[in-house]
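What follows is a short report on a single structure.
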Amino acid sequence: MMDHRERLETVLAGETPDRVPIALWRHFPVDDQHPGRLAAAHIEFQKTFDFDLLKVTPESTYMVKGWGVTDEWRGEPEGTRAYLERGVRHPDDWASLQKLEPRSGLLGDQLAALRSITRALGPGTPVVMTIFSPFGQARKLAGEERMLADFRRHPDAFTRALDTITETTLDFIDELKGTGVAGIFYAMQYAQYHKFSGEEFDSRCLPYHRRILEAAGDFWLNILHLHGSEVMFDRVTDLPVHVINWHDRESKPDLKAGKSLFKGAVCGGLRQWETMVLGSPKQVRAEAEDAIRLTAGRRFILGTGCVVPITAPYGNLEAARRVVEGK
């Protein structure tokens, strides 16, 4: 029987593993405010479900709080926090951003948590760290309306800020290489046709994404997450990643078509709300089995299109896990 790493390496090689791998992930609100508790929550989650990889999910603002973002926990069912104050409130604020030190503050806390997690789980369980794209970070800093407006109306100031955000991200990824993680989970927001035009994405967005993913090239398990609907799947298939994850049940392409467009592995098959939260274990099983049929169980990781909400019943997570075991 393969361990988790061997199973995923087999999948990435395009070969047939002993069973289809599975990975589900979630936020850990309140616990995510302290590196020790964040690590303990992830370790316990992995010990409970024994997924084939552990995607570490810190608070969604961990990369931007050093630039003045404040938030609080208000019970949002996805596990994310509500914004109290943005770091950018005026176009001129973009120019004030300075590089953050990756070994201190919240970034340093994440490094400590990751070292604890990888030590506890060992090399047989791959761990990947969530990295938000520069555009996702810019949205968290300013809000979507201002971010999109300044992208077009104040391109020089916005580009300078993107450069600063990217340099900070690259420094953080360099520090990740000493934590024992297998790769990054690169959350690419705004690779969506109703947010940017194809020309805008290709000329002004894609170079940043490529630069970050190339910097993560020393890792063996880098996952690209295309967030939202109307995703630009056709524009990212040549990026240096091993797995693409997207809302395949809500946004084209489906899993079968995605596999035909991308030479690596695809991850998905389960709807995060309709199935994992509101469905029954029977519905989880049916949707998972359909995804395995669509992909023929090759170059495929069973998962959701995004985080599993914290309100998902235990029985639904367990049902998904049992499907790949043939139980």
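For region 102-111, residues that are farther than 16 Å from residue 137 by Cα and either assigned to a loop (DSSP other than H, G, I, E, B) or open to solvent by less than 40 Å² (accessible area, probe 1.4 Å) (or both) total 5.
For residue 185, the conditions (1) within 30 Å of residue 43 (Cβ to Cβ); (2) touching a helix residue (DSSP H, G or I) at 6+ places or on another chain (Cβ under 9 Å); (3) aromatic (Phe, Trp, Tyr) are fulfilled apart from (2). Scanning region 116-131 for residues that are under 22 Å from residue 224 (Cα atoms) and in a helix (DSSP H, G or I), we see that the one that is least open to solvent (accessible area, probe 1.4 Å) is 117. Write out, first by first residue and then by second, each pair whose Cβ atoms fall under 9 Å of each other, whose residues are 6+ apart or on separate chains, and whose first residue, in region 130-145, is closer than 11 Å to residue 190 by Cα and at pLDDT below 95 while the second is open to solvent by 10 Å² or more (accessible area, probe 1.4 Å) and basic (Lys, Arg). No pair meets every condition. Pairs linking a residue in region 169-186 that is farther than 16 Å from residue 104 by Cα to a residue that is among the hydrophobic types (A, V, I, L, M, F, W, C) and part of a helix (DSSP H, G or I), with Cβ atoms under 6 Å and 6 or more positions apart or on different chains, are 181/114. Within region 142-149, one or more residues are of a type outside the set (D, E, K, R), open to solvent by 20 Å² or more (accessible area, probe 1.4 Å) and not in a loop (DSSP other than H, G, I, E, B).
Residue 97 falls short of the stated requirement of being farther than 17 Å from residue 222 by Cβ, open to solvent by 60 Å² or more (accessible area, probe 1.4 Å), more than 22 Å from the chain's Cα centre (by Cα) and of a type in the set (A, V, I, L, M, F, W, C).
Can you find, within region 253-312, the residue that is nearest to residue 22 (Cα to Cα) among those that are open to solvent by less than 10 Å² (accessible area, probe 1.4 Å) and part of a helix (DSSP H, G or I)? Looking at the filtered set, the residue picked out is 288.
Within the set 248, 218, the sole residue that is crowded, with 20+ Cβ neighbours inside 10 Å, in a loop (DSSP other than H, G, I, E, B) and out of contact with any Phe, Trp or Tyr (no Cβ under 9 Å at 6 or more places or on another chain) turns out to be 248.
Report yes if some residue within region 195-208 is open to solvent by 30 Å² or more (accessible area, probe 1.4 Å), of a type in the set (Ser, Thr, Tyr) and more than 21 Å from the chain's Cα centre (by Cα); otherwise report no. Among the residues of region 195-208, at least one is open to solvent by 30 Å² or more (accessible area, probe 1.4 Å), of a type in the set (Ser, Thr, Tyr) and more than 21 Å from the chain's Cα centre (by Cα), which makes the answer yes.
The values are calculated or read from the model by the stated rules, or taken from the named source; none is laboratory data. It should be emphasised that the depicted structure is a prediction, and the values quoted were computed from it without experimental measurement. Because the Cβ atoms are built from the backbone with ideal geometry, glycine has one as well, and the counts that use them run over all protein chains shown. Note: areas computed on protein heavy atoms with side chains; ligands, DNA, RNA excluded. Shrake-Rupley method; radii C 1.70, N 1.55, O 1.52, S 1.80 Å.
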